[in-house]
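A.B. asks: The structure that follows is given in the form of structure tokens.
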Amino acid sequence: MKDLSNEWIVFDEGRYLAERAVLVTPDDTRAVILADTVIDIYYGRRGIRQLKGYATVANHLLIELLDETDEIDLILDLTGDFKYRLPNPQIRSGKVFTPDVHSSLHFIPIRPWRQIPEKGFEAYLSGLQFLGTRKE
């Protein structure tokens, strides 16, 4: 992780399960749902609080999203007022392309997250086009 101040991390050391997590294009048009998303808050070598996380993803959908843009943001819903946008984190994922197979995805912030107001959050999500799902 680049030299980030840890003042933006509002959680104590530990693991936190996200209620929802979504990868989105920076223009907020297309998105991919992540499953089993966890963030891990820990203290690094210099005693600075840091964040990393992991989830599972359908890689073919991630590839489809990457076909549109090289920069992908991560939306994390940690319940209540704890909703965040992590701009363009470093993402590492497996190389499985079978449509029905999910693989691990790891993310590390390169910039601090920004809190998203709870008011309007559901409307924001409903305005995204989720890859791999059909709108009726």
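A.B. asks: Please turn the phi angles of segment 14-31 into ³J(HN,Hα) values with the Karplus equation 6.51 cos²θ - 1.76 cosθ + 1.60 (θ = phi - 60°), one per residue in order, whole Hz, x for glycine and proline.
C.D. replies: Calculated HN-Hα couplings, in order: x, 10, 10, 8, 7, 5, 8, 8, 9, 8, 9, 6, x, 8, 6, 10, 10, 8 Hz.
A.B. asks: Under the rule of -39500 (n - 2.57) per DSSP H run of 4 or more residues, summed and divided by the residues of the chain, what mean residue ellipticity at 222 nm is obtained, to the nearest 500 deg cm²/dmol?
C.D. replies: -2500 deg cm²/dmol
A.B. asks: Give the accessible surface of segment 1-66 per residue, rounded to a whole number of Å², with probe radius 1.4 Å and ligands, DNA and RNA excluded.
C.D. replies: I get 55 Å² per residue for this part.
A.B. asks: OK, next. Grab the Cα-Cα distance for Asp28 and Thr56, subtract it from 0.36 nm times how many residues apart they are, and report the gain in nm with one decimal.
C.D. replies: The span from Asp28 to Thr56 would gain 8.0 nm if fully extended.
A.B. asks: Out of segment 1-65, which chymotrypsin sites (Phe, Trp or Tyr not before Pro) are coil in DSSP terms and have no more than 14 other C-beta atoms within 10 Å?
C.D. replies: Counting only loop positions with at most 14 other Cβ atoms within 10 Å, the chymotrypsin sites (Phe, Trp or Tyr not before Pro) in segment 1-65 are Phe11.
A.B. asks: Given the options Ala31, Ala123, Ala55, state which has the largest fluctuation in a GNM of the chain using a 10 Å cut-off (strictly under) for Cα springs.
C.D. replies: Between Ala31, Ala123, Ala55, it is Ala123 that shows the largest mean-square fluctuation.
A.B. asks: Among Thr37, Thr79, Thr25, which one shows the highest mean-square fluctuation when the chain is modelled as a Gaussian network with alpha-carbon springs under 10 Å?
C.D. replies: Thr79
A.B. asks: Here's another thing I want to ask about it. Could you look at the chain and say what percent of its accessible area is carbon and sulfur, using a 1.4 Å probe and all protein chains?
C.D. replies: Heavy-atom surface of the chain belonging to carbon and sulfur, 1.4 Å probe: 49 percent.
A.B. asks: State which stretch of the chain is the longest one without any exposed trypsin sites (Lys or Arg not before Pro), exposure meaning a DSSP loop state and at most 14 other Cβ atoms within 10 Å.
C.D. replies: 47-94
A.B. asks: Sticking with this structure for a sec: For the chain, set up a Gaussian network in which alpha carbons nearer than 10 Å are linked by springs, and say which option among Leu66, Leu74, Leu17 fluctuates the most.
C.D. replies: Leu66
The values are calculated or read from the model by the stated rules, or taken from the named source; none is laboratory data. All values reported here derive from a predicted model rather than from experimental measurement. Virtual Cβ from ideal backbone geometry, glycine too; neighbours counted across all protein chains shown. Surface accessibility is based on the protein's heavy atoms, side chains included, excluding ligands, DNA and RNA. Shrake-Rupley method; radii C 1.70, N 1.55, O 1.52, S 1.80 Å.
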